[in-house]
Amino acid sequence: MPRILAIHAHPDDIETLGAATLALLAANGHAISIVTMTAGDCGSEDLPNEEIGAIRKSEAAKAAALIGANYTCAGFPDLSVFNDDASRRRTTEIIRAAAPDIVLTASPADYHPDHEATSLLVRDACFAVSVPNYKTGPAKPLMHIPHLYFMDPIEGRDRNNVKVMPDFAVSVEAFMDTKRAMLACHDSQRSWVLKQHGIDNYMGSMDRWTARRGKHFGVAYAEGFRQYKTHPYPHTPLLQELVGNALLEAPPAG
Ligand SMILES: [Zn+2]
C-alpha cells in the first residue's frame, strides 16, 4: 500500500490546500505523514515565538490525527526556510525516514518565501534520497525517488497574480467536512484573523478557494495538483490512480 508524505511550510497550509485529498487517501487505508517546515512561530502578535510555536504544533498534530496521520515539524523558524546545504540534508533525512511513495509539497511559485523555498528543498531532497553517499542522519537511503506533486499555490496565483493551473484535480466534496474540521483545529490562527479582519474569513477563504478550483473542473469542490515529471523523477500517475473516481483529468479552460 503506497505511503504518502505531505510537506508544506507552515501549520495550516496543508489543511488549506490538500487536506481533503489526504482524507480521501486515508479513508482508502493509506498511511499519511504530515510535515511542516516551521512551527508557525511568527503567527501571533502577542505571544513569543516558542509559545505560539508550541500551540501551533499541537494544533497541527490535532488536525493530522483527524485522518489518522502522524505530524512532525522540521524545526525551521518562520521566514527562515532557505535552500542551502544543511536544509537540504535535513529535508532529505525527513523524507528518508518517512520512506514515501508519493510526496505532496508546496507550489514552486507562491506568495510566501517559505512556500517557495519548501518547494525547492523538497524537490531536490527527493532527488537526493536515493543517493547512498549523500549523508543525512540515521535514516537509510531510499531505493527510489518518490512520485512528486505540487499543490496549488494559495489563491491559485503566483507573485505576479498570474493563475497557476493544475494538471489535474481531485473532487473532494465528500471530504470537505473533514477538511473544515482539520482547518478548524488551527484555532490560534482563526482567532487572529477574526481579530484582524472582524470576520471569520479564515475558514471562509479555504472554502471559497476549494469551491473555485471545483468550478474550474465542473464539480462543487476540488484540490489541484501538478506532477513533477522531469528526469529522473517517476512519471507514472500514481496519485491519479489512487484517488480513483475522484480524479478530474480534464484540463480547465482559462
Ligand atoms: Zn504558509
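Rule-based calculations on the coordinates, nothing more; no lab input. Being a predicted model, the structure only gives us computed values, none of them experimental. Note: ideal-geometry Cβ built from the backbone for every residue, glycine included; neighbour counts use all protein chains shown.
Considering only residues of segment 1-36 that are of a type in the set (S, T, N, Q) and assigned to a helix (DSSP H, G or I), which is nearest to the ligand (Cβ to nearest atom)?
Step by step, filter segment 1-36, then rank; the result is Thr16.
For segment 76-88, check the following and say yes or no: at least one residue is part of a helix (DSSP H, G or I), under 27 Å from Gly29 (Cβ atoms), more than 16 Å from the ligand (Cβ to nearest atom) and of a type in the set (A, V, I, L, M).
No: segment 76-88 contains no residue that is part of a helix (DSSP H, G or I), under 27 Å from Gly29 (Cβ atoms), more than 16 Å from the ligand (Cβ to nearest atom) and of a type in the set (A, V, I, L, M).
Inspect segment 134-157 for any residue being within 17 Å of the chain's Cα centre (by Cα), without any contact (Cβ under 8 Å) to a residue 40 or more places away in the chain, within 16 Å of the ligand (Cβ to nearest atom) and surrounded by fewer than 23 Cβ atoms within 10 Å (Cβ to Cβ) and give the result as yes or no.
Among the residues of segment 134-157, not one is within 17 Å of the chain's Cα centre (by Cα), without any contact (Cβ under 8 Å) to a residue 40 or more places away in the chain, within 16 Å of the ligand (Cβ to nearest atom) and surrounded by fewer than 23 Cβ atoms within 10 Å (Cβ to Cβ), which makes the answer no.
Restricting attention to segment 37-55, which residues are more than 14 Å from the ligand (Cβ to nearest atom) and part of a strand (DSSP E or B)?
Of everything in segment 37-55, nothing turns out to be more than 14 Å from the ligand (Cβ to nearest atom) and part of a strand (DSSP E or B).
In segment 92-105, which residues are more than 17 Å from Met151 (Cα to Cα) and within 16 Å of the ligand (Cβ to nearest atom)?
Once the filter is applied, which keeps residues that are more than 17 Å from Met151 (Cα to Cα) and within 16 Å of the ligand (Cβ to nearest atom), segment 92-105 yields nothing.
Taking segment 96-133 as the search range and keeping residues that are under 12 Å from the mean Cα position of the chain (by Cα) and of a type in the set (Ser, Thr, Tyr), which one is nearest to Leu25 (Cα to Cα)?
Within segment 96-133, the match that is nearest to Leu25 (Cα to Cα) is Thr105.
Please go through segment 106-130 and pick out each residue that is under 18 Å from His231 (Cα atoms), within 16 Å of the ligand (Cβ to nearest atom) and polar (S, T, N, Q).
Ser119
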